[in-house]
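Input: a single structure, listed below in structure tokens.
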Amino acid sequence: MTDIPLSLLERIGACRLCAADFACTATAHAPRPVAWFDTAATPGVMIVGQAPGMRVHLAGRPFADPSGDRLRDWLGIGPETFYDRARVAIVPMAFCFPGYDAAGSDLPPPPRCAATWRAEVMAALGPVPLVLLVGGHAQRWHLGVAATRGGVGATVARWQGHTPGVFPLPHPSWRNTGWLKRNPWFAAEVLPALRARVQEALA
């Protein structure tokens, strides 16, 4: 009897490379990779975030939290479309919740995850019409250090230099509510263009 090779999603789901590191965090949790894409499909949109938070870790579903509600509002799509793996690929820089530090803040995505999986995932998905880069880690990996000078706010402010194929976005976390209020141009200029481009890419 010939063994059937595991699919890419199955291999990611079985990954335990960071188990020892996660056991040393304040949460002392086990890995639970959350990968949300379909290599047999041709998605119109790819969302690249940072890493799952605790709620996503528990739910096993990306953006299953208030950040996801805000992100879906930004994109102008509902959960049915958002979670359709054939149309939207959700590929964070790390597939597992990295845990909290001693102060209760999210730890950054472990670089080991991207080094292990990212090239293979990108090759399996192929060219995607629209890539949404949510937060600094995603923006630095995809755009490079030079293009992300000044941090996330400055990178998002230069959004027109990356369209129509890429939109850099701030993280939709409640922690960024103050930034959104201080930068009304994001809602006035970026979101209408983003929603229109999402509809084009999904059509």
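The values are calculated or read from the model by the stated rules, or taken from the named source; none is laboratory data. Treat the numbers as computed from the prediction; the structure is a model and nothing was measured. Quick reminder, even Gly has a Cβ in these numbers, built from the backbone with ideal geometry, and neighbours come from all protein chains shown. Accessible surface areas use protein heavy atoms only, side chains included; no ligands, DNA or RNA. Shrake-Rupley method; radii C 1.70, N 1.55, O 1.52, S 1.80 Å.
Here are Gly104, Gly78: which of them is touching a residue at least 12 places away in the same chain (Cβ under 8 Å), surrounded by fewer than 16 Cβ atoms within 10 Å (Cβ to Cβ) and over 16 Å from the mean Cα position of the chain (by Cα)?
After applying the criteria, what remains is Gly104.
Can you tell which of Val131, Val156 is more than 22 Å from Asp106 (Cβ to Cβ) and either open to solvent by less than 40 Å² (accessible area, probe 1.4 Å) or part of a strand (DSSP E or B) (or both)?
Only one candidate passes the filter, namely Val131.
Give the stretch 1-27 a look and list any residue that's assigned to a loop (DSSP other than H, G, I, E, B) and open to solvent by less than 20 Å² (accessible area, probe 1.4 Å), or say none.
Once the filter is applied, which keeps residues that are assigned to a loop (DSSP other than H, G, I, E, B) and open to solvent by less than 20 Å² (accessible area, probe 1.4 Å), the stretch 1-27 yields only Cys18.
Looking at Ala147, Ala114 in this structure, which one is farther than 23 Å from His57 by Cα and part of a helix (DSSP H, G or I)?
So the residue among Ala147, Ala114 that is farther than 23 Å from His57 by Cα and part of a helix (DSSP H, G or I) is Ala147.
Only one residue in Ala94, Ala86, Ala30, Ala41 is in a loop (DSSP other than H, G, I, E, B), surrounded by 21 or more Cβ atoms within 10 Å (Cβ to Cβ) and not hydroxyl-bearing (Ser, Thr, Tyr). Which one?
Ala94
Take Gly44 and tell me if it is farther than 21 Å from Leu9 by Cβ, modelled with pLDDT of 95 or more and over 14 Å from the mean Cα position of the chain (by Cα).
Judged against the criteria, Gly44 is not a match.
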